[in-house]
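Undergrad: Structure incoming, see below.
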Amino acid sequence: MAWAAARDTSAQVQGSASIHFSQVRPLLRSLLAYAAAGLGYVAYTTFSVSYLRGQGAGAGLITLFWTLLGLAGVVAPLVWSRLLSRRWGGRSMGLLMALMGIGAALPALSTTPWVAALSATLFGLANLSVVASTTTLVRQSLPPAVWGAGVATYTVTFALFQSLGPLLTGALADQGAGGLRLGLGLSAALLLGAGVAFSQRPVEARA
């Protein structure tokens with residue numbers, strides 16, 4: 001299982017204490033939500049530009065799209081610092097994933113320049129901050145001795161589902177009807193994951 005692989009990697013590389021499933025179990029909802037983030041985010045970042053080009057977007061709009069996405073990621077820590085400091089369980093993650101999901105859904109609704117720009121901005125603001133939210137959740141929910149293994153658990157879970165995203169999206173896009181729009185629908189996993197994240201209650205750290 002992912003948590004076991006993360007335990008071994010973290011213990012060897014970071015010198016962290018081993019993490020046990022009993023410690024991870026109360027956080028399974030947030031892990032499932034993070035898996036949805038890996039699945040949904042990579043569908044958007046891999047195929048959104050191809051979709052926009054297929055809908056007639058020119059080089060100027062594509063450049064603006066990537067520029068806004070990157071700049072939004074740069075300012076995101078300033079925007080979300082107070083949110084991530086709250087002891088809200090998975091609610092912070094849920095809010096950020098919902099924002100990502102809305103941003104990811106916008107190109108499927110319209111490819112006008114302002115909608116594409118808004119999509120990139122919303123997605124960029126939330127993308128990396130979802131990763132930060134898991135680190136905060138680990139620090140609030142697990143004893144310091146297993147923080148490294150806890151973060152590794154989330155990282156391995158995300159990586160596994162991130163690797164599946166392009167495969168599933170490409171398979172859906174190859175079905176013909178709807179083309180890449182159908183594949184990008186996989187980003188709806190972000191919205192589903194946001195609902196799961198909201199149900200993750202705060203967990204008291206126990207040694």
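The values are calculated or read from the model by the stated rules, or taken from the named source; none is laboratory data. Given the structure is predicted, the values throughout are model-derived calculations rather than measurements. Counting neighbours? That spans all protein chains shown, and the Cβs are built from the backbone with ideal geometry, glycine included. Accessible surface is based on the protein model in full, side chains and every heavy atom, while ligands, DNA and RNA are left aside. Shrake-Rupley method; radii C 1.70, N 1.55, O 1.52, S 1.80 Å.
Undergrad: I'd like to know if the range 62-75 contains one or more residues that are part of a loop (DSSP other than H, G, I, E, B), in contact (Cβ under 8 Å) with a residue 24 or more places away in the chain and farther than 13 Å from SER129 by Cα.
TA: Within the range 62-75, not a single residue is part of a loop (DSSP other than H, G, I, E, B), in contact (Cβ under 8 Å) with a residue 24 or more places away in the chain and farther than 13 Å from SER129 by Cα.
Undergrad: Can you tell me which residues in the range 14-44 are farther than 15 Å from LEU191 by Cα and open to solvent by 40 Å² or more (accessible area, probe 1.4 Å)?
TA: GLN14, GLY15, ALA17, SER18, HIS20, PHE21, SER22, GLN23, ARG25, PRO26, LEU28
Undergrad: Look through LEU192, LEU167 and report the one residue that is at pLDDT below 90 and surrounded by 15 or more Cβ atoms within 10 Å (Cβ to Cβ).
TA: The conditions single out LEU192.
Undergrad: Specify which of the listed residues (ALA108, ALA104, ALA117) is open to solvent by less than 10 Å² (accessible area, probe 1.4 Å), part of a helix (DSSP H, G or I) and not charged (D, E, K, R).
TA: ALA104
Undergrad: While we're on this one: Can you tell me which of (1) at pLDDT below 95; (2) under 14 Å from ASN127 (Cα atoms); (3) open to solvent by 60 Å² or more (accessible area, probe 1.4 Å) is the one THR63 doesn't meet?
TA: (2)
Undergrad: Name the residue that is surrounded by the most Cβ atoms within 10 Å (Cβ to Cβ), counting only residues in the range 76-96 that are in a helix (DSSP H, G or I) and among the hydroxyl-bearing types (Ser, Thr, Tyr).
TA: Of everything passing the filter in the range 76-96, SER92 is surrounded by the most Cβ atoms within 10 Å (Cβ to Cβ).
Undergrad: Something else now. Applying the selection to the range 132-155, what residues are in a helix (DSSP H, G or I), open to solvent by 10 Å² or more (accessible area, probe 1.4 Å) and closer than 12 Å to GLN23 by Cβ?
TA: ALA145, TRP147
Undergrad: Residues to consider are TRP80, TRP114; find the one that is of a type in the set (Phe, Trp, Tyr) and touching a residue at least 40 places away in the same chain (Cβ under 8 Å).
TA: TRP80
Undergrad: Right, something else. Check MET1 against each of (1) among the aliphatic types (A, V, I, L, M); (2) modelled with pLDDT under 90; (3) open to solvent by 60 Å² or more (accessible area, probe 1.4 Å); (4) under 14 Å from the mean Cα position of the chain (by Cα) and name the one condition it does not meet.
TA: Unmet condition: (4).
Undergrad: So, one more: Looking at this structure, is ARG201 outside any helix (DSSP H, G or I), among the basic types (Lys, Arg) and surrounded by fewer than 18 Cβ atoms within 10 Å (Cβ to Cβ)?
TA: It is true that ARG201 is outside any helix (DSSP H, G or I), among the basic types (Lys, Arg) and surrounded by fewer than 18 Cβ atoms within 10 Å (Cβ to Cβ).
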